[in-house]
Amino acid sequence: MTLLVFIASLIGAMVVGIPVAFALIVTGVVLMTYMGMFNTQIIAQNMLIGADTFTLLAIPFFILAGELMNAGGLSRRIIDFAITFVGHIRGGLGLVAIIAAVIMASISGSAAADSAALAAILIPMMARAGYNVPRSAGLIAAGGVIAPVIPPSMAFIIFGVAANVSISQLFMAGIVPGLLMGISLVITWLIVAGKDNVATLPRAPWSERRAAIGRAVWALGMPIIILGGIRMGVVTPTEAAVIAAFYALFVGMVVYRELRIADLPGVLISAARTTAAIMFLVCAALVSAWLITAANIPGELARWIAPLIENPRLLMLVIMVLILVVGTALDLTPTILILTPVLMPIVKQAGIDPVYFGVMFVMNCCIGLLTPPVGVVLNVVSGVGRVPLGKVIRGVWPFILAQLAVILLLVAFPGIVIVPARWFH
């Protein structure tokens, strides 16, 4: 009955238009009242505890690094680098979008920011070259959601804090699945767009390619510094986030000289707004998480799905479907914060590797960024690329199916995630 009270109060609060963060607090109040333990100090203490975590300091710095990357010209140079190598291939601009998305994912970790940068530059180019614009916009949106999977990832930081799982291990475990998502997009793009009659760019001579590498080398160096530092144990994810922010600032202002001092207030305000929204969600979710544990909701849910606990793969498949359904209605961060405290005890009871589960959880949430009615990344690409939202939705479906195929592959063969993760870490 407690589980039904939790679900009904949460859904009811969101249906009447209460923002997700406040809906989580309302849900906590309803649960406390139902359990006869209402106390405002519980709300205040858990919200304070939610913010008072050193690991969460990585979030504002990675967000700032992404903002500085886009404002300082790093994104454009990465796209130019990809164009010189694959722009001459039929369908090459689509491959450029995928390659650039993977590289940018290893720098910013923000699906919305990466998608916006790619859409602003590539959609006009693809339209002029004769590409199907809705399909191109769908590809860019699907490429953008690789960002929360390839480290550094704010989604992994939030999941790691909520589930008490090593963020460094999550980062290393996300590398192979993120690359598989990119490969699946390449295969799908070549199938659906390979026969289109589009203009191709002239093959760039090696002198131009070397020049493009020289221009992009500072941008390409950032993921090496971040992942290399974490892999060798030199820095923690939080320290890596600070280094990434200062590196992006230095490159944008001193090396590329596209970031001016006058631009900094706007960049800082944008990063602060995004950070405030995410951190308030985290704080509010800790109230519900504490009450979920106190009410033994995971135990109640475990009794419902007890037959599946003996079959971890089937359990994972059912959980993935649940996350996918929830993700269509909620953004990535609230989905993680709401479902993680409920599902983690069941996952541990079934003997599923928590790091593997975290990667699969985040991958599934990313697909929710591409599905209506919320579809945050769809809206970003639609707005920045000036493509009607309905057309973007039609264009993205082949790529959603490709990424769902990757998730099914990883459910069937967990070792694809677990083995490389152990080697990298």
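Exactly one residue out of Val406, Val396, Val374, Val387 is buried (at least 16 other Cβ atoms within 10 Å of the Cβ), at pLDDT below 90 and under 20 Å from the mean Cα position of the chain (by Cα), and it is Val374. Restricting attention to segment 267-282, does a residue exist that is without any contact (Cβ under 8 Å) to a residue 12 or more places away in the chain and of a type in the set (Ser, Thr, Tyr)? No, segment 267-282 has no match at all. Residues that are within 20 Å of the chain's Cα centre (by Cα) and assigned to a loop (DSSP other than H, G, I, E, B) within segment 342-355 are absent altogether. When you scan segment 356-375, do you find a residue that is part of a helix (DSSP H, G or I), more than 20 Å from Ala111 (Cα to Cα) and touching a residue at least 40 places away in the same chain (Cβ under 8 Å), even just one? Yes, segment 356-375 has at least one match. Condition (residue is among the small types (Gly, Ala, Ser), at pLDDT below 85 and at positive phi) applied to segment 346-366: is it met by at least one residue? The answer is no; no qualifying residue exists. Looking at segment 280-298 only, could you name the residues that are assigned to a helix (DSSP H, G or I) and surrounded by fewer than 18 Cβ atoms within 10 Å (Cβ to Cβ)? Selection gives Thr293, Ala294. A single member of Ile319, Ile323, Ile338, Ile367 is within 19 Å of the chain's Cα centre (by Cα) and closer than 19 Å to Pro19 by Cα, and it is Ile338. From the list Ala141, Ala113, the lone residue that is among the small types (Gly, Ala, Ser), free of Cβ contacts under 8 Å to residues at least 60 places away in the same chain and closer than 17 Å to Val376 by Cβ is Ala113. Of all the residues in segment 377-399, those that are touching a helix residue (DSSP H, G or I) at 6+ places or on another chain (Cβ under 6 Å) and assigned to a helix (DSSP H, G or I) number 15.
Across segment 184-202, not a single residue is classified as buried (at least 21 other Cβ atoms within 10 Å of the Cβ), at pLDDT below 90 and among the β-branched types (Val, Ile, Thr).
The values are calculated or read from the model by the stated rules, or taken from the named source; none is laboratory data. Quantities reported herein were computed from a predicted structural model and do not represent experimental measurements. In this analysis, Cβ positions are derived from the backbone assuming ideal geometry, glycine residues included, and neighbour counts consider all displayed protein chains.
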